[in-house]
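*Asks:* Following this message is one structure expressed as C-alpha cells.
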Amino acid sequence: MIASVRGTVTATGPDHAVVEVGGIGLAVQCAPGTIADLRVGQPARLATSLVVREDSLTLYGFADDDAKQLFELLQTASGVGPRLAQAVLAVHTPDAVRKAIANADLAALTRVPGIGKKGAERLVLELRDRVGPVAIGPDGAGGVTAGAWPEQVRQALVGLGWSAAQAEQAVVAVAETVDGETPPVPVLLKQAIRLLGRTR
C-alpha cells in the first residue's frame, strides 16, 4: 500500500499529476482542485490510495489524509468505485460530503455527476453512521433538526420501494413513539421498516 508520495512535480494534466520519487515518475490520479495547487518543478506531498484491479494499478492522490480516508470510505458503499468516489471529492470538500450524508442532503449529493437520487439515498443509508463527526457552523448549523427527520425517513422508504402512502403511514406511526429527544434518523428508519414488516 502506497499511503503517500513526496517528490517533485514533473507534469500535470486535467486529471493527473506525475510526481518523481527517487528517480521514478509516479502517475497520480487527482481531482482538479488538487491539481490546481500543484506546480511543475516544485516539491509536493500527496496522500494516496492504491486501487488494484486485475488489469491495472491506479494511484489516486489527495491534498490531505482526510480526503483520502473519505475517498476510501465512499467506496465501501454499494455501486461506488474509485472514479465516482473521486468525483464526489471533486465537487465537494470532505466536510461538505460528511454534512450532506449526515443531513440526508440528497440535492447536494446528486450534484455529483454519476449520482442520481437512488445512489444518493444509498450513500446516506450505508454511510451515515460511519462518516465521522460533522463540522458545526458558527450558527450551530450542521446537525439534523428535529423537524427534518420525517421527510428524510419518508424519502428513504420510497427509495427502498414502498409507496408514498405506505411511507407516510410508517412515518406517522414512528412519530407517535418519539417522546423527548429525537433519535438519529437511521434508528427511526429501522423502526419504520420494522413497522412495514420487512427487515433489511
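*Asks:* With all protein chains present and a 1.4 Å probe, how do 182, 177, 48 order by accessible area, largest first? Walk me through the numbers before you get to the answer.
*Replies:* On the way: 182 45, 177 80, 48 0 Å².
The residues order as 177, 182, 48, largest area first.
*Asks:* Separate question: Using the alpha-carbon atoms, what tilt in degrees (0 to 90, nearest 10) does helix 164-175 show relative to the longest principal axis of the chain?
*Replies:* Here the helix axis deviates by roughly 80 degrees.
*Asks:* How far is helix 65-74 tilted off the main Cα axis of the chain, in degrees rounded to 10, range 0 to 90?
*Replies:* Relative to the chain, helix 65-74 is tipped by roughly 50 degrees.
*Asks:* What share of all Cα pairs of segment 1-97, in percent, falls into each consecutive 10 Å distance bin?
*Replies:* Taking all Cα pairs of segment 1-97, the binned fractions are 17, 52, 27, 4 percent.
*Asks:* Relative to the longest principal Cα axis of the chain, at what angle does helix 117-127 sit, 0 to 90 degrees, rounded to 10?
*Replies:* Result, in degrees: 90.
*Asks:* OK, next. Please report the carbon-and-sulfur percent of the accessible area for segment 32-138; probe 1.4 Å, protein heavy atoms only, DNA, RNA and ligands left out. Mind showing how you got there, number by number?
*Replies:* Details: 2840 of 5380 Å².
Carbon with sulfur: 53 percent of the solvent-accessible area.
*Asks:* Which of the lysines could a cross-linker span from residue 118 if the Cα-Cα distance has to be under 20 Å and same-chain partners fewer than 8 positions apart are dropped?
*Replies:* 99, 190
The values are calculated or read from the model by the stated rules, or taken from the named source; none is laboratory data. Only a predicted model underlies this, so the values are computations on that prediction, with no experimental measurement involved. The accessibility values were calculated without ligands, DNA or RNA, using every heavy atom of the protein model including side chains. Shrake-Rupley method; radii C 1.70, N 1.55, O 1.52, S 1.80 Å.
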